[in-house]
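We did not get these values from a lab; they are worked out from the coordinates using the rules stated. Nothing here was measured: the structure is a model prediction, and the numbers come from that model. Cβ placement follows ideal geometry from the backbone for every residue including glycine, while neighbour counts extend to all protein chains displayed.
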Amino acid sequence: VEPARQRDLRTSNHAGVLGAVADSPEPVSRARLAARTGLTRTTVSALVEPLLSAGLLAETGPAPRAGAGRPAVGLRLSGERVAALGAEVGVDYLAACVLDLTGAVRCREVVLGDNRADSPEATLARSAALAARLLDRSRAQGLEVVGGTWAVPGLVDAARGRVLLAPNLGWSGVDAVDLLTASPHLVGLPLDADNEATLAAVAELGHPPRGLARGNLLRVSGEVGIGAGVVLEGRLVRGEHGWSGELGHVTIDPAGPRCRCGATGCLEVYAGQEALLRAAGRTAPATTTLGEGGSLAALVDAAEAGDPATLAALARAGTALGLALAAAVNLLDVDAVVLGGIYAPLQRWIRPGVEAELATRVLRARLRPVAVTVSTTGPDAAVLGAAARVLQGVLARPARLLAPAGW
Ligand SMILES: [Zn+2]
């Protein structure tokens, strides 16, 4: 029997080799992997074999090489076998996608429909059925989905897979992962759940998450509520319980209106979508960027047409968002604020207020301005990030996918 310590070392070496390939934008030779990991060439070759046979790595043809010597075979992540499921329960839609190990989207589906009126059990059953359809389509492409993550707009106990509080869905204390795991569609698949704004920030880092241009950022998700993902030094900061980034409940004015959370004057009552709609004189329910989108499209149309109430509501929301973000940037010294969700289509009207408050209130702004950018991951960010998180787990712990005989 192999001693435990030696087994642990091999496990971490497999992850080291796989990670070094993932970090490389180009296919990388075994010799270069040895140089990068500090392992011998023989050890690297021995570690690569099971990763190849498990379908985690693939070889590329010998690259033409200048100078003498045998051309080297390159190694890259394989998109042929291992894949991950991302799923999302939004306020007015269900979404799911499957990414292969290279991060390519292999299938994706969104089902529109308001989930606020339904029970959590019924909503999760429909979400499981949607996921099952994508699992079937993935199998037909020769992929093996090794796990799934569910994105939910609320506070999640990720370790227990329990949605503690999702006010905009009307959920509290929902054992989401237990309910999903019990679904006949998803038997045996390792599942977990996390906050949608956190997972949207994972998507902002890309997969594989290599060489971030901006290692310190705040990614704002404005949908019906407002959340944020915090990335410091290239890593997602989850906080003690995974509940960081509740930007929507930062106080803008203690004397302000009551928020759904019970406090007064939170950012959400000024810049949340329901507040925006109300201030713009609209009565339709709030919708999301990936969902029905009707209320949002109406807001964009009214702003483009120069409707004064809408423009005033958006300017007020931009200022409030800027106030909350200025406090966060003073505290965290992030280099960039990325606007996602409804703030992407509304950025023309939201961004000036955000930039003005950041310029005035952030101490370091006079030394180096804070970049305000619009998310390029689109309305899919949370569901893509959910699948990317599963893939990150594969890169960090590939051992469970390797045949025991290989090591
Ligand atoms: Zn609040």
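Mean separation of Cα pairs under 8 Å and 6+ residues apart, divided by the residue count of the chain: what relative contact order is that in percent? Present the calculation step by step, with values, prior to reporting the outcome.
Numbers: 848 pairs, mean separation 67.8, N = 407.
Computed value for the chain: 17 percent relative contact order.
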**Asked** What is the pair-distance distribution P(r) of the range 159-280, computed from all Cα-Cα distances in 5 Å bins starting at 0, with each bin given as a whole percent?
**Response** 2, 10, 16, 18, 17, 16, 11, 7, 2, 1, 0
**Complete:** Mean Cβ-within-10 Å packing, highest first, puts peptides 172-178, 225-231 in the order 225-231, 172-178
**Request:** Please pull out the direction-averaged projected area of the chain, using the convex hull of its alpha-carbon atoms, in nm² to one decimal place.
**Result:** 23.4 nm²
**Request:** Measure nothing fancy, just the Cα-based angle from helix 196-205's long axis to the longest principal axis of the chain, in degrees from 0 to 90, nearest 10.
**Result:** 50 degrees
**Message:** Treating only the Cβ of Lys, Arg, Asp and Glu as charged (+1, +1, -1, -1), what charge dipole size does the chain show about its Cα centre? Round to the nearest 20 debye.
**Reply:** 1440 debye
**Asked** Gaussian network model of the chain, Cα springs within a sub-10 Å range: biggest mean-square fluctuation belongs to which of 328, 197, 87?
**Response** 328
**Item:** R0 of 35 Å, Cβ-Cβ distance residue 283-residue 118: FRET efficiency to nearest 0.05
**Value:** 0.95
**Request:** Name the long-range amide H neighbours of residue 106: under 5 Å, sequence gap of 5 or more, or other chain; modelled H, no Pro or chain starts.
**Result:** 98, 99, 100
**Asked** Against the longest alpha carbon principal axis of the chain, how many degrees, from 0 to 90 and to the nearest 10, is the axis of helix 294-304 turned?
**Response** 70 degrees
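So for 187, 73, 269, fewest C-beta neighbours within 10 Å to most, what's the order? Present the calculation step by step, with values, prior to reporting the outcome.
Numbers: 187 8, 73 13, 269 23.
Sorted ascending by nearby Cβ count, the order is 187, 73, 269.
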**Item:** the range 205-335: C-alpha pair distances exceeding 27 Å, %
**Value:** 26 percent
**Item:** Test item: Cα-centred dipole of the range 269-354, Lys/Arg +1 and Asp/Glu -1 on Cβ, debye
**Value:** 180 debye
**Message:** Please list, ordered by chain and number, the residues whose modelled amide H lies under 5 Å from the amide H of residue 256; skip anything fewer than 5 residues away on the same chain.
**Reply:** 265
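Treat the range 110-183 as a sphere of radius equal to its Kirkwood radius over Cα pairs and apply Stokes-Einstein at 10 °C in a medium of 1.306 mPa s; give the translational diffusion coefficient in µm²/s, rounded to a whole number. Don't jump to the answer; show the numbers that get you there.
On the way: Rh = 13.3 Å.
So the translational diffusion coefficient is about 120 µm²/s.
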**Item:** From phi via Karplus (6.51, -1.76, 1.60), per-residue ³J(HN,Hα) for the range 324-338 in Hz, x at Gly/Pro
**Value:** 5, 5, 4, 4, 5, 6, 4, 6, 10, 6, 7, 8, 9, 10, 10
**Prompt:** In deg cm²/dmol and to the nearest 500, what is the mean residue ellipticity at 222 nm of the chain if only DSSP H runs of at least 4 residues count, each as -39500 (n - 2.57), divided by the residue total?
**Reply:** -12000 deg cm²/dmol
**Fill in**
Taking a crude spin-label model, label points 7 Å out from Cα along the C-beta direction, the residue 263 to residue 301 distance in nm is 3.6 nm
**Request:** Provide the per-residue ³J(HN,Hα) series for the range 94-99, in order, calculated from phi with Karplus coefficients 6.51, -1.76, 1.60 and θ = phi - 60°, each as a whole number of Hz, with x at glycine and proline positions.
**Result:** 10, 9, 8, 8, 10, 10
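So which GluC sites (Glu not before Pro) in the range 172-261 are both in a DSSP loop and have at most 16 other Cβ atoms within 10 Å of their Cβ? Can you show the working numbers first?
Details: sites: 196, 204, 223, 233, 240, 246; in loops: 223, 233, 240, 246.
Answer by residue number: 233, 240.
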**Request:** Would you mind checking the tilt of helix 41-53 against the longest principal axis of the Cα atoms of the chain, expressed as 0 to 90 degrees and rounded to 10?
**Result:** 70 degrees
**Asked** Most exposed first by the Cβ proxy, i.e. fewest other Cβ within 10 Å, how do 40, 198, 123, 264 rank?
**Response** 40, 264, 123, 198
**Fill in**
Checking 43, 149, 319 against a Gaussian network model of the chain (alpha-carbon springs below 10 Å), the top fluctuating residue turns out to be 43
**Item:** Stokes-Einstein D in µm²/s, Kirkwood radius over Cα pairs - the range 31-168 at 20 °C with 1.002 mPa s viscosity
**Value:** 119 µm²/s
